[in-house]
There are 2 protein chains.
Amino acid sequence: MEIVFDGNITTPAGFTAGATYAGIKKKSEDVLDLGIIYSESPCTAAAVFTTNKIKSAALVFDQQVMQKKGKISAVIVNAGCANSSTGEQGVKDAYEMASLAAQALGIETEEVLVSSTGVIGVQLPMKSIREGVRNILLTADGGHDFEHAIMTTDTVPKEIAVKVTVGDTVFSIGGVAKGSGMIHPNLATMLVYITTDAAVEKDFLDKALKDAVAVSYNMITVDGDTSPSDTVLVMANGLAGNTPITSGSSAARAFKDALTHVCIHLAKSIARDGEGATHLIEVNVKNAKTVKEARQAARTIVGSNLVKAAVYGRDPNWGRVTAALGRSGVYLEEMKLDVVMAGISVLKDGRPVPFDKPTAVNALAGKEVAIIVDMHVGKGNATAWGCDLTEQYVVINSAYTT
Amino acid sequence: MEIVFDGNITTPAGFTAGATYAGIKKKSEDVLDLGIIYSESPCTAAAVFTTNKIKSAALVFDQQVMQKKGKISAVIVNAGCANSSTGEQGVKDAYEMASLAAQALGIETEEVLVSSTGVIGVQLPMKSIREGVRNILLTADGGHDFEHAIMTTDTVPKEIAVKVTVGDTVFSIGGVAKGSGMIHPNLATMLVYITTDAAVEKDFLDKALKDAVAVSYNMITVDGDTSPSDTVLVMANGLAGNTPITSGSSAARAFKDALTHVCIHLAKSIARDGEGATHLIEVNVKNAKTVKEARQAARTIVGSNLVKAAVYGRDPNWGRVTAALGRSGVYLEEMKLDVVMAGISVLKDGRPVPFDKPTAVNALAGKEVAIIVDMHVGKGNATAWGCDLTEQYVVINSAYTT
């Protein structure tokens, strides 16, 4: 697997993208707010949607499209308005957005997925979208523009592409992401689009995406919040010309590893770009009773306000780590616990290890802080990512919607 | 039921209390850090302890004492050190603390409960405690001193006493509390002590406390954190001379109502005094499918960082309320949802209600903000309390332990 420099969703063959300023976001310099990804060859697709029981109109539309298991050729996405809690009008608007893209691209409405991200409870400005769609120019290097069009409070675009060679099969996978789930609450929504020119059988693609999501986006739980619009979509157009990858086929492992790599990269980018964040926190739980319990423990620790605030303050206050572990609901034996914070052993066999505070404070100054919890009660391992909690987070999130 | 002015744990007959500065906390003006509550007549007692799987040494000791179902005559509590994650030495120290109090009071060690609150992972300074116990003077108005001795980052002491008359039975219930669960993380721990001179049968007392805790302390979930030392204890010494109250007896309802009133009062006091808090938030979930689901929904909403930050910023951003409800895991029908924030209807039958933003911002300026969510899918009601999330919270909790 090889990382493609400056690569993104338009790196795999046959994918183009573009964006425009349609007037949905308030205008400031260089703003884009409406984008399209298009594949010249219809794609096998797999998607994972929010578990939130309040679902945006676009997401409900997408779920219906995906249930039909047809091919997907395009995605249209706007920022600045979530089209969520918008009643019957919202449902109509989501459908119209898909139709507008379909007309512009000369494809069927059922080949188009729709996402909207932004403020909840406000109707989409359809007039702007109708005009905007006509102004989108799709190009083979349009991935960057598309990324900017879906950004809300993100401070950096998030992208990656990898090239994989297995025997005589060569394919690429590209991905872009926006948001950081519950870290960017006002304009919440995590949107991830992954493209590949590999030919992939539908069932295998579903399974590979589900497994990759479990160890990436589902492990960046900052406070457990989910948005009504969270979406991870992968589109495989087959233009690499390989024999379709199925479960157990020779390229299956390589494809799954590459997809997982793309997903973890984007997930970490999201956590690192958390609002007001100054540290990426990585929590590694080892030897929990099961993998499920390891995940639960890692997510609880990385999502604890107290742990997050301690990391911000470079405070080696490991009692917050064990307290979060203790309430996570997983099986533990206190006298078997080891904790290492930023490389410093602070708890061994459940007993405090004396350490030099100034050294620990220095160790916590790095931009990435690793917390390792070895539970010694089983073989379940998991890693979760999050960011620290800063005054800036509160400032950003307490501003008026007005 | 009548509120006793300035009343607390020493209001019910036969209870005395006192405190001293033993040198466990760092000294600043008027500091107390070691206190005792004593009943001249041994008490029927009920207790509810933390569900955190990491338990402090004192809490493990208390659980063993309570399992024996004997009478309890005293509680000794220190602040400044949690005696948690302290290994075998911690267990010995908890036992010695109980013994020291028993010796000083001329009672058995098994009649004494122990609590410790403060920093995790540090051994108790037993020399200071040995000396301190001898300096505690128990008086009939010592409740206030006791309250101050158990405070950590609390800004105000939390107390209440009520007097209840049922037929010719007259009894009092008094209570004090410290902490605010996960709001005061560094010195976490919620400790609540309730005294009554009513004679109460043990099984009924257990049940009454469990029910009262369910609608009070368990409904102030700020971020789901629990401490290794959280304790709610009620001691009934019977000096009111009434026929012991049992389930179904004439005074049962009055006792339970009064106990619940005391618990809700103290729970709200704890939420209101959250670190850095400027608002008490009350979330009232109506007509959920079950009471259990109503509680889960109310706790999720009041514990959401996004809702908390919105209230701090007086931001009528109700999308955060419905998003938190959506991820709470409870059954809902979006098109039946009503939401009222600070008296203003913002969502009706799942559709946004236009409202005047400046009016809403003004309504959110009050010190108490009520959020009412009517789900219209059942008959389960619940109320939860919390506080807003402010920059000050982050400042306080990101300070070094050093």
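Only one of the numbered conditions (1) part of a helix (DSSP H, G or I); (2) closer than 15 Å to residue A:16 by Cβ; (3) within 25 Å of the chain's Cα centre (by Cα); (4) not charged (D, E, K, R) is violated by residue A:98, and that is (2). When you scan segment A:94-123, how many residues do you find that are closer than 15 Å to residue A:149 by Cβ and within 14 Å of chain B (Cβ to nearest Cβ)? Residues meeting the conditions: 3. Take the conditions at pLDDT 90 or above, closer than 26 Å to residue A:391 by Cβ and surrounded by fewer than 24 Cβ atoms within 10 Å (Cβ to Cβ) and apply them to residue A:244. Does it pass? So residue A:244 does not fit the description; no. Keeping to segment B:22-46, report how many residues are farther than 22 Å from residue B:104 by Cα and surrounded by 24 or more Cβ atoms within 10 Å (Cβ to Cβ). Here the count works out to 1. When A:293, A:282 are checked against the criterion of being within 12 Å of chain B (Cβ to nearest Cβ), charged (D, E, K, R), under 27 Å from the mean Cα position of the chain (by Cα) and not in a loop (DSSP other than H, G, I, E, B), a single residue qualifies: A:293. Against the test of being within 22 Å of the chain's Cα centre (by Cα) and without any contact (Cβ under 8 Å) to a residue 60 or more places away in the chain, the options B:212, B:177, B:161, B:208 yield a single qualifying residue, B:212. Among the residues of segment B:382-389, not a single one is without any contact (Cβ under 8 Å) to a residue 60 or more places away in the chain, surrounded by fewer than 23 Cβ atoms within 10 Å (Cβ to Cβ), more than 7 Å from chain A (Cβ to nearest Cβ) and of a type in the set (Val, Ile, Thr). Looking for something in a loop (DSSP other than H, G, I, E, B), small (Gly, Ala, Ser), within 29 Å of residue B:94 (Cβ to Cβ) and not assigned by TED's automatic domain parsing to the domain that holds residue B:343 - is there at least one such residue anywhere in segment B:251-267? There is no residue in segment B:251-267 that is in a loop (DSSP other than H, G, I, E, B), small (Gly, Ala, Ser), within 29 Å of residue B:94 (Cβ to Cβ) and not assigned by TED's automatic domain parsing to the domain that holds residue B:343. Scanning for something in contact (Cβ under 8 Å) with a residue 12 or more places away in the chain, aliphatic (A, V, I, L, M) and farther than 24 Å from residue B:93 by Cα, does segment B:10-21 turn up at least one residue? Scanning segment B:10-21 turns up at least one residue that is in contact (Cβ under 8 Å) with a residue 12 or more places away in the chain, aliphatic (A, V, I, L, M) and farther than 24 Å from residue B:93 by Cα.
Just so you know, in segment B:41-73 the residues that are more than 19 Å from the chain's Cα centre (by Cα) and part of a strand (DSSP E or B) include one that is farthest from the other protein chains (Cβ to nearest Cβ), and it is B:41. Each residue in segment A:319-352 was checked for being more than 9 Å from every other protein chain (Cβ to nearest Cβ), buried (at least 17 other Cβ atoms within 10 Å of the Cβ) and assigned to a strand (DSSP E or B), and 5 of them qualify.
Filter segment A:114-142 down to the residues that are of a type in the set (Ser, Thr, Tyr) and crowded, with 17+ Cβ neighbours inside 10 Å and list them by number. Step through it out loud before you land on a result.
Initially, segment A:114-142 is screened for residues of a type in the set (Ser, Thr, Tyr), giving A:115-117, A:128, A:139.
Once the filter is applied, which keeps residues that are of a type in the set (Ser, Thr, Tyr) and crowded, with 17+ Cβ neighbours inside 10 Å, segment A:114-142 yields A:115, A:116, A:117, A:128.
On inspection, residue B:212 passes the criterion of being over 23 Å from residue B:54 (Cβ atoms) and crowded, with 19+ Cβ neighbours inside 10 Å. Residues in segment A:143-159: is at least one in contact with a helix residue (DSSP H, G or I) (Cβ under 9 Å, 6 or more places away or on another chain), within 28 Å of residue A:69 (Cα to Cα), in the same structural domain as residue A:65 (by TED's automatic domain parsing) and crowded, with 17+ Cβ neighbours inside 10 Å? Checked segment A:143-159: at least one residue is in contact with a helix residue (DSSP H, G or I) (Cβ under 9 Å, 6 or more places away or on another chain), within 28 Å of residue A:69 (Cα to Cα), in the same structural domain as residue A:65 (by TED's automatic domain parsing) and crowded, with 17+ Cβ neighbours inside 10 Å. With respect to residue B:367, is the statement that it is surrounded by fewer than 22 Cβ atoms within 10 Å (Cβ to Cβ), more than 9 Å from every other protein chain (Cβ to nearest Cβ), under 27 Å from the mean Cα position of the chain (by Cα) and at pLDDT 95 or above true? Judged against the criteria, residue B:367 is not a match.
One line per residue, one yes/no per condition, for (1) out of contact with any helix residue (DSSP H, G or I) (no Cβ under 6 Å at 6 or more places or on another chain); (2) closer than 14 Å to residue B:314 by Cβ:
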| residue | (1), (2) |
| --- | --- |
| B:352 | yes, no |
| B:365 | yes, yes |
| B:381 | no, no |
| B:384 | no, no |
| B:388 | no, yes |
| B:393 | yes, no |
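Selection over segment A:305-318 of residues that are facing chain B (nearest Cβ under 8 Å) and assigned to a helix (DSSP H, G or I) gives a count of 5.
The values are calculated or read from the model by the stated rules, or taken from the named source; none is laboratory data. This structure is a prediction, so every number in the text was calculated from the model and none was measured. A quick note on method: Cβ atoms are made from the backbone with ideal geometry, for glycine too, and the neighbour counts reach across all protein chains shown.
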